[in-house]
Amino acid sequence: MTDRDALAQRHMGLVHALCRRFANKGIEYEELFAAGCLGLTKALNGFDKSRGMQFSTYAFPVIAGEIKRLFRDGGAVKVSRTLRALSLKIARLNAENLRQNGAELTVSELAARLGVSAEQVTDAIGSARLPLSLTSVHDADGDPQTDVPVADMQETVTERLSLEQAIAALPSDDKQLIRLRYFQSKTQAQTAAVLHTSQVQISRREKKILAQLREKMIC
């Protein structure tokens, strides 16, 4: 398995966590998941680890953005029949290899067996793979659908990443206050000493910052 494959596999739970966050708001879960997978693919393509940012921090707004786009556009993620057919072939090969060898094929192995490029395989997995049944269930177009099991992730991961994004947007002084109080467990008095101000001012400012963070977490 390549580093890219492993990175994608480790963050499929993040896609599901974000989908659950937007579920029951008028769009089917399958459409949310397809958009989330597309966002994950875009994040993989655009991520630059030399910037020192964790992939999850970078991927979170990209995946969320693709899901939110569904609500703005008022429609489903458009997937071509060619891409859908390729995704079904991939699912069948992976299911067969999983039964025989206990593991799914890597992107490069799938590309070699199917005679397509690795990019085409990635696009098919990212934008057209849906969590459907391995049985002979068909969709509205009469196409067979295949289940691809993925790992789950706790909802708290989503909230943690949302908080990281909100804190990152704070002014430097406010960010330092939050870091001292909640990441270094300093008291208000100790924080005031570090920031050369009074405990009363720290208390007032902290309440305002927390209110701002709560608003950003809700939005």
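The values are calculated or read from the model by the stated rules, or taken from the named source; none is laboratory data. Please read these numbers as outputs of a predicted model, since none were measured by experiment. Note that we place each Cβ from the backbone using ideal geometry, even for glycine, and neighbour counts take in every protein chain shown. All accessible areas refer to the heavy atoms of the entire protein, side chains included, with ligands and DNA or RNA removed. Shrake-Rupley method; radii C 1.70, N 1.55, O 1.52, S 1.80 Å.
I'd like the full set of residues that are of a type outside the set (Lys, Arg), closer than 16 Å to Lys175 by Cβ and without any contact (Cβ under 8 Å) to a residue 40 or more places away in the chain, limited to the range 201-215. Those that are of a type outside the set (Lys, Arg), closer than 16 Å to Lys175 by Cβ and without any contact (Cβ under 8 Å) to a residue 40 or more places away in the chain: Ile202, Glu206, Ile209, Leu210, Ala211. Within the range 47-56, the set of residues being assigned to a helix (DSSP H, G or I) and under 14 Å from the mean Cα position of the chain (by Cα) comprises Phe55, Ser56.
The single condition among (1) loosely packed, with under 15 Cβ neighbours inside 10 Å; (2) modelled with pLDDT of 80 or more; (3) assigned to a loop (DSSP other than H, G, I, E, B) that Pro149 does not satisfy is (2). Residue pairs whose Cβ atoms lie under 7 Å apart, sitting 6 or more positions apart in sequence or on different chains, and linking a residue in the range 89-102 that is open to solvent by less than 40 Å² (accessible area, probe 1.4 Å) to a partner that is in a helix (DSSP H, G or I) and among the hydrophobic types (A, V, I, L, M, F, W, C), are Ile90/Leu110; Ile90/Val121; Ile90/Ala124; Ile90/Ile125; Leu93/Leu110.
Could you go through the range 184-200 and let me know if any residue there is in contact (Cβ under 8 Å) with a residue 24 or more places away in the chain and farther than 30 Å from Ala64 by Cα. No, the range 184-200 contains no residue that is in contact (Cβ under 8 Å) with a residue 24 or more places away in the chain and farther than 30 Å from Ala64 by Cα. From the residues in the range 11-40 that are over 12 Å from Ile63 (Cα atoms) and not in a helix (DSSP H, G or I), which one is nearest to the chain's Cα centre (by Cα)? Across the range 11-40, the extreme among qualifying residues is Ala23.
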